[in-house]
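Report on the structure given below.
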Amino acid sequence: MALNQSQKQEVVAEVAAVAAKAHSLIAAEYAGITVGELTAMRKKARETGVYLKVVKNTLATRAVAGTDYECAKDALVGPLLYAFSLEEPGAAGRLIKEFAKGNDKLQPKVVALGGQLYPASHVEVLASLPTREQALAMLARVLAEPAAMFARAVKAVADKQGGEAATAEAATA
């Protein structure tokens, strides 16, 4: 069913609002994917903070104009599924990678992050980015390390001085 002018404007406005706050974009060819598979992907996308939409490329091009994803407008050709990561940059990459493993008809074509366009092979790189929780755990470990190093150094000095004191007592006895 064709969209009328006002419906097209609504779609462009919706995708533009998502693109303005998204962390990353992956556009993938989806021809040949069953409705059931696409439904399962949409469900997983909702659970992981990924906005997933099939949009005509002309509307998508209008929607990404003025956003970090404008760099991808020339690469938006063919029937594409758009996945925008809303909560963390790697979420869309993990979703597309997971579903592409089980379905060779899902082919990533465009990866955009931070105003830069990357080849489809960068889906792997994007998918390997840590989740928010993993990044916070790494940060906490990095922040705690100087204090732990200091404590180990103080203990080593105390052990050394304790050992020297015991040696001096034994020599005088």
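Data for the structure
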item	result
Residue tally, condition without any contact (Cβ under 8 Å) to a residue 24 or more places away in the chain, under 16 Å from the mean Cα position of the chain (by Cα) and surrounded by fewer than 17 Cβ atoms within 10 Å (Cβ to Cβ), over the range 100-120	1
Qualifying residue in the range 93-102 (condition: modelled with pLDDT under 90 and in contact with a His (Cβ under 6 Å, 6 or more places away or on another chain))	no
The range 60-99: number of residues that are surrounded by 16 or more Cβ atoms within 10 Å (Cβ to Cβ), among the aliphatic types (A, V, I, L, M) and not in a strand (DSSP E or B)	11
Residue in the range 39-62 that is assigned by TED's automatic domain parsing to the domain that holds V123, more than 16 Å from P119 (Cα to Cα), in contact with a His (Cβ under 7 Å, 6 or more places away or on another chain) and touching a residue at least 24 places away in the same chain (Cβ under 8 Å) present	no
Residue list for the range 2-11, restricted to those being assigned to a helix (DSSP H, G or I) and either farther than 23 Å from E87 by Cβ or among the basic types (K, R) (or both)	Q5, S6, Q7, K8, Q9, E10
Test: residue in the range 127-147 that is of a type in the set (A, V, I, L, M) and within 21 Å of E29 (Cα to Cα)	yes
Count of the range 30-69 residues which are of a type outside the set (G, A, S) and within 22 Å of E88 (Cβ to Cβ)	15
Residue identified as in contact with a Phe, Trp or Tyr (Cβ under 9 Å, 6 or more places away or on another chain) and either in the same structural domain as K109 (by TED's automatic domain parsing) or surrounded by fewer than 20 Cβ atoms within 10 Å (Cβ to Cβ) (or both) among A20, A27	A27
Any hit, the range 76-88, residues being within 12 Å of I26 (Cα to Cα) and free of Cβ contacts under 8 Å to residues at least 40 places away in the same chain	no
Tally, over the range 28-59, of residues that are among the hydrophobic types (A, V, I, L, M, F, W, C) and in a helix (DSSP H, G or I)	6
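The values are calculated or read from the model by the stated rules, or taken from the named source; none is laboratory data. These numbers come from a predicted model, not from an experiment. Quick reminder, even Gly has a Cβ in these numbers, built from the backbone with ideal geometry, and neighbours come from all protein chains shown.
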